[in-house]
Amino acid sequence: MDGHKDFTLNPINYPRPKLLAFLEKIHSIGMKYIVLIDPGIGVNSSYGVYQRAIANDVFIKYEGEPYLAQVWPGAVNFPDFLNPKTVAWWGDEIQRFHELVPVDGLWIDMNEASNFCSGKCTIPEGKQCPSGTGPGWECCLDCKNITKTKWDDPPYKINASGLKVPIGFKTIATSAVHYNGVLEYDAHSLYGFSQAIATHKALQGLEGKRPFILSRSTYVGSGKYAAHWTGDNKGTWEDLKYSISTVLNFGIFGVPMVGADICGFYPAPTEELCNRWIEVGAFYPFSRDHANYYSPRQELYQWESVTKSAQNALGMRYKLLPYLYTLTYFAHISGAPIARPLFFSFPAFKECHGLSTQFLLGSSLMVSPVLEQGETKVKALFPPGSWYNVFDMTQTVVSKGQYFTLDAPLHVVNVHLYQNTILPMQQGGMISKEARMTPFTLIVSFPAGASKGEAKGSLYLDNDELPEMKLGSGYSTYVELYATLDQGIVKVWSEVEEGKFALD
């Protein structure tokens, strides 16, 4: 960005001709490019986005004027996404930006909305704000507290940021006004959600493809429009552990495409922690390594050992893409989470009701990671039945519903497939587009040693970019898979809906 301003390019670091050449290269092999934008629009009379915003009257107001706040560009105003004019203006800005840089999706950050200042602020005269030195998140506007209404100082107090500060602390003042007189007090939790809907509409309007949006702030219903990550987590063993329950909770909240920043957002993780984190994170529905700008580099290839763990775990993820994509289809049509607590599949098995150190992908793939420093074994609970190690199918755990201690040296993550399942897999690849073109394998799991058995699975296929995941268009195929075992004879068959897409 140019000075952190939305929908701009830094001409020195990202000259447009070079960026376009880079995008042509990555697009030609099927990779995607997603950039971050914040909702705050820089107050700057020479900035076209701001000029058009003022002309269209799109900002949240305080006492009749656009509410002034501070984020990365300095002084900003916040678009009011409850206003239909704002939605149209935002769509137009995204279209203009897309003509400048053909991005494949947008990551909408800081949309709680986050504000580095609190209260009623003015731009100071005679000093630069921000100064350009020191951390950019220190408030440099002239501000005074707003406490004069019951909306700004309600009779109950919240423990905001653990500091027992007023309700409008470091966000939009709660007595600020949205479209049609709606108070920020009543609309605060909808800010990120309303931005996600507006962004979704804009991106879908560009090329008629399925949008990818990643939003930090969410609300009930956000999962229909956006993916989510769990915010600025720490690079600690404790936060690695918390990431599992957070991801599982978000699935229950109806946000299925969710993950935590792998290796932690800040401070720097240890090499061992990063090894263990990618072994969990490769199996988050949304899988991303991401860190604070001020932290040391932590890409997975920065350490030889982490590279090896990542190749192992991500290699398996890319083989499981057909299964994960089918789970995404089920999430879309039914709301079923992709990552699930064990009790979703084993509700009668009480031992797993409080368990959040292991998780399932779909109904039958169980991830049992190492979450403790220095450990090379993991104690994992196995619900009753036969479980097969997906990295080595000869390794089987037959459980009556008890804990087993599994070997888990640094590069090993334990992932097991439950009995009675047909798991569709492909052969993997360096990028998902390549992986999805490889031949299929069906793994059919019967109970160990059984002479009779049944197994089931399913597979949804489309071109990955249809606006809607649905059958009946001729552009998608759904396959129900069945198998039986009887007296040593295995039969496998399928029932196909809308076979045209897959056959083509």
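The values are calculated or read from the model by the stated rules, or taken from the named source; none is laboratory data. Here the structure is a predicted model, which is why all the values come from computation and not from measurement. Counting neighbours? That spans all protein chains shown, and the Cβs are built from the backbone with ideal geometry, glycine included. Accessible surface areas use protein heavy atoms only, side chains included; no ligands, DNA or RNA. Shrake-Rupley method; radii C 1.70, N 1.55, O 1.52, S 1.80 Å.
Leaving ligands, DNA and RNA out of it, work out the accessible area of HIS4 with a 1.4 Å probe and give it in Å² to the nearest 10.
Roughly 100 Å² of HIS4 is accessible to a 1.4 Å probe.
Using a probe radius of 1.4 Å on heavy atoms only, what accessible surface per residue do you get for region 53-208? Whole Å² is fine. Could you put the intermediate results ahead of the total?
Values: 7390 Å² over 156 residues.
Per-residue value: 47 Å².
Leaving ligands, DNA and RNA out of it, rank ILE172, ILE29, ILE431, ILE197 by accessible area with a 1.4 Å probe, largest first. Let's see the in-between values first.
Details: ILE172 0, ILE29 95, ILE431 30, ILE197 65 Å².
Greatest to least solvent exposure: ILE29, ILE197, ILE431, ILE172.
Among 256-268, 372-384, what's the highest-first ranking by average C-beta atoms within 10 angstrom per residue? Display every interim value, and only then the final one.
Values: 256-268: 22.8, 372-384: 15.6.
By packing density, highest mean first, the sequence is 256-268, 372-384.
Provide the packing ranking of 67-77, 32-42, 451-461, i.e. peptides ordered by the mean count of other C-beta atoms within 10 Å per residue, highest first. Don't skip to the end; give the middle numbers.
On the way: 67-77: 23.8, 32-42: 20.0, 451-461: 18.0.
Packing proxy ranking, top to bottom: 67-77, 32-42, 451-461.
Any chance you could give the angle, 0 to 90 degrees and rounded to 10, that helix 16-28 forms with the longest Cα principal axis of the chain?
Roughly 20 degrees, rounded to the nearest 10.
How high is the relative contact order of the chain, in percent, with contacts defined as C-alpha pairs under 8 Å that are six or more residues apart?
On the way: 1047 pairs, mean separation 46.2, N = 504.
Computed over the chain, the figure is 9 percent.
What order do you get for 389-398, 47-56, 122-131 when each peptide is scored by the mean count of other beta carbon atoms within 10 Å, highest first? Could you put the intermediate results ahead of the total?
Details: 389-398: 14.1, 47-56: 16.1, 122-131: 11.5.
Ranking the peptides 389-398, 47-56, 122-131 by packing returns 47-56, 389-398, 122-131.
Could you work out the Rg to Rh ratio of region 1-110, with Rh taken as the Kirkwood radius (inverse of the mean 1/r over all Cα pairs)?
Looking at region 1-110, the ratio lands at 1.00.
Pick out, from VAL255, ASN463, THR8, the residue whose Cα sits farthest towards the positive end of the charge dipole of the chain, with +1 on the Cβ of Lys and Arg and -1 on the Cβ of Asp and Glu.
VAL255
Normalise the Cα radius of gyration of the chain by 2.2 N^0.38 Å (N = residues in it) and let me know the number. Before the final figure, lay out each step's value.
Numbers: Rg = 25.0 Å, N = 504, 2.2 N^0.38 = 23.4 Å.
Output field value: 1.07.
Rounded to the nearest whole Å², what accessible area per residue is found for region 339-502 with the 1.4 Å probe?
Working: 8180 Å² over 164 residues.
I get 50 Å² per residue for this part.
Amide H to amide H, which residues 5 or more places from GLY235 or on other chains are under 5 Å from it, using H placed in the peptide plane?
PHE265, TYR266
Counting only DSSP beta bridges with both residues in the chain, what percent are antiparallel, rounded to the nearest 5? Each step should come with its number before you reach the end.
Values: 62 of 77 bridges.
Within the chain, antiparallel bridges account for around 80 percent of the total.
Can you give me the % of accessible surface on region 339-502 that is carbon or sulfur? Probe 1.4 Å, all protein chains present, nothing else counted. Don't skip to the end; give the middle numbers.
Details: 4390 of 8180 Å².
About 54 percent, which is the carbon plus sulfur part of the accessible surface.
In Å, the Kirkwood hydrodynamic radius of region 339-502 over pairs of distinct alpha carbons? Spell out each step's value before the answer.
Working: mean 1/r = 0.0564 Å⁻¹.
Evaluated over region 339-502, this radius sits at 17.7 Å.
Can you tell me the dipole magnitude for region 339-502 around its Cα centre, using point charges on the Cβ only (Lys, Arg +1; Asp, Glu -1), in Debye to the nearest 20? Don't skip to the end; give the middle numbers.
Numbers: 12 positive and 16 negative charges, 86 e Å.
Using only the charged Cβ atoms, the result is roughly 420 debye.
Once the principal axes of the Cα atoms of region 198-297 are found, what is the range along each, listed largest first in whole angstroms?
44, 29, 20
For region 147-212, with all protein chains present and a 1.4 Å probe, just round the carbon and sulfur fraction of the accessible area to a whole percent. Don't skip to the end; give the middle numbers.
On the way: 2020 of 3570 Å².
Percent of accessible area from carbon and sulfur atoms in region 147-212: 57.
Just for region 31-83, what percent of DSSP beta bridges are antiparallel, to the closest 5?
Numbers: 9 of 9 bridges.
Antiparallel bridges: around 100 percent, rounded to the nearest 5.
If ligands, DNA and RNA are left out, what is the accessible area of ASP407 with a 1.4 Å probe, given in Å² to the nearest 10?
Roll a 1.4 Å probe over it and ASP407 shows about 100 Å².
For the chain, build the charge dipole from Cβ charges (+1 Lys, Arg; -1 Asp, Glu) around the Cα centre, then report which of TYR33, SER494, ALA176 sits farthest towards its positive end.
The residue sitting farthest along the positive end of the dipole is SER494.
If Lys and Arg each add +1 and Asp and Glu each add -1, what is the summed charge of the other residues whose beta carbon sits under 11 Å from the beta carbon of ASN83?
Working: positive: LYS61, LYS85; negative: ASP57, ASP80.
Here the count lands on 0.
Tell me what the chain gives for mean residue ellipticity at 222 nm when only DSSP H runs of n ≥ 4 count, each as -39,500 (n - 2.57), the sum divided by the residue total, rounded to 500 deg cm²/dmol.
Values: 11 runs with 125 residues, N = 504.
Value at 222 nm, helices only: -7500 deg cm²/dmol.
With the Cα gyration tensor of region 187-239 in hand, convert its eigenvalues to equivalent ellipsoid semi-axes via √(5λ) and list them largest first in whole Å. Show your work: numbers first, answer last.
Working: eigenvalues 126, 41, 12 Å².
So the equivalent ellipsoid measures 25, 14, 8 Å along its semi-axes.
Give, rounded to the nearest 20 debye, the magnitude of the charge dipole that the chain has about its Cα centre when Lys and Arg contribute +1 at Cβ and Asp and Glu contribute -1 at Cβ.
Numbers: 42 positive and 49 negative charges, 86 e Å.
Here the size comes out at about 420 debye.
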